[in-house]
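One structure below.
The values are calculated or read from the model by the stated rules, or taken from the named source; none is laboratory data. Keep in mind that this is a model prediction, so the values were computed, not measured. Cβ placement follows ideal geometry from the backbone for every residue including glycine, while neighbour counts extend to all protein chains displayed.
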Amino acid sequence: MPTDPDDEFADLTDLASASGVAEPLRASRQVVRTTAGQEIAAIRWDAGREARITYLHGLGIDAHSFDQTALAVGEPAVAVDLPGHGRSGWRDDADYAADATAPDVLAALDALEVPPGIVVGHSLGAILAARLAALAPERVTGLVLVDMSPDFAQRAVDRIARALEAEEPFTSLDQVVDRAVEARVGDDRAVLLREARHTTRLGADGRLVRRHHFPHLPAGRTSSVGRFADAWPDLEALDVPILLVRGDRGYVSPKLHAQFAERLPDASIVTVEARHAVQNQAPLELATAIRAWAERNGLLHRIEEPSPDDTGRR
């Protein structure tokens, strides 16, 4: 599996230090091609050990959005660039609904030899995580939804997709950040700058363009991200622990919070101070919530290094 040539992990040491992590996981880029021909890219956290967590990002961003959370959780993992995003391939039909992309993501997890474990999904990735769990329940031991409920208004979902399609190229990373601030994505410019670096690339004319597919569609074409409400049957059929981590200024409003708790009374719900992109704005709080919930439900069991007495050699 090839390693991406650019130094996309240059700032991980600083991220780990900011997270209070003394011995950070190692990160590497891996790319696989499914039998259906879809190219899927992923970040492997601590490649020498079996991944215990799969991270699935949201619409218009990429796997790097989970970097600081993955470092803070400290468990071997894979973070997938969803089809049409990051360094993964684009779909000819521009259909990025969970029904369309789940088979390729499952095939990629097989190719990456990811065993059963926790799946963490943000926004569109949360809807996809529910679909993966429904299609392959043997793969999922626990499900974490980050700031997304299937009751989130479909018109808002579609409006976001149309806005991504209409996005013009940028003259600089600062302009990417300025637009994000104007759109109230966040207000921490350092965080937004890091996201901008990972989600853009140089276009043919020297301006910055998004890595994801949406602004590159031919004139007159639109994408699909599916109906989020369709995730309810998937979630309600699950027999594994579920955690919802919502931002207090995110997309899961108090009303949607109450509706979620009513439909999934056994689910755990944690609220943190953040907008929608909780993993970017409150990565350490998200990591703490995931670890506490996982340990409470017996989903994480640390593998201790063998002692000389256990092995007779080191």
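Of note:
- Criterion violated by Glu182 - all others in (1) modelled with pLDDT under 95; (2) under 22 Å from the mean Cα position of the chain (by Cα); (3) among the acidic types (Asp, Glu) satisfied: (2)
- Among residues that are in contact with a Gly (Cβ under 6 Å, 6 or more places away or on another chain) and among the charged types (D, E, K, R), Arg52 is included.
- Of all residues in the stretch 98-122, those that are hydrophobic (A, V, I, L, M, F, W, C) and touching a Gly at 6+ places or on another chain (Cβ under 8 Å) total 4.
- Inspection of the stretch 213-236 identifies no residue that is among the hydrophobic types (A, V, I, L, M, F, W, C), closer than 30 Å to Leu299 by Cα, modelled with pLDDT of 95 or more and part of a loop (DSSP other than H, G, I, E, B).
- Filtered residues of the stretch 17-47 (kept if under 14 Å from Ala70 (Cβ atoms), in contact with a strand residue (DSSP E or B) (Cβ under 9 Å, 6 or more places away or on another chain) and among the small types (Gly, Ala, Ser)): Ala27, Ser28, Ala42, Ala47
- Residue that is on the phi < 0 side of the Ramachandran plot, in contact (Cβ under 8 Å) with a residue 60 or more places away in the chain and surrounded by 20 or more Cβ atoms within 10 Å (Cβ to Cβ), where the choices are Ser149, Ser224: Ser149
Residue-wise test of (1) closer than 30 Å to Glu236 by Cα; (2) among the β-branched types (Val, Ile, Thr); (3) outside any loop (DSSP other than H, G, I, E, B); (4) modelled with pLDDT of 95 or more.
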{"residue": "Val119", "(1), (2), (3), (4)": "yes, yes, yes, yes"}
{"residue": "Leu128", "(1), (2), (3), (4)": "yes, no, yes, yes"}
{"residue": "Leu164", "(1), (2), (3), (4)": "no, no, yes, yes"}
{"residue": "Arg194", "(1), (2), (3), (4)": "no, no, yes, yes"}
{"residue": "Arg201", "(1), (2), (3), (4)": "no, no, yes, yes"}
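- Residue check, Pro241 in contact with a Leu (Cβ under 8 Å, 6 or more places away or on another chain) and under 30 Å from Leu299 (Cα atoms): yes
- Some residue of the stretch 83-101 being closer than 20 Å to Thr141 by Cα and touching a strand residue (DSSP E or B) at 6+ places or on another chain (Cβ under 9 Å): no
- When His213 is tested against (1) closer than 19 Å to Val140 by Cα; (2) of a type outside the set (A, V, I, L, M); (3) under 19 Å from the mean Cα position of the chain (by Cα), just one condition goes unmet, and that condition is (1).
- Scanning the stretch 92-121 for residues that are within 16 Å of the chain's Cα centre (by Cα) and acidic (Asp, Glu) gives a single hit, Asp104.
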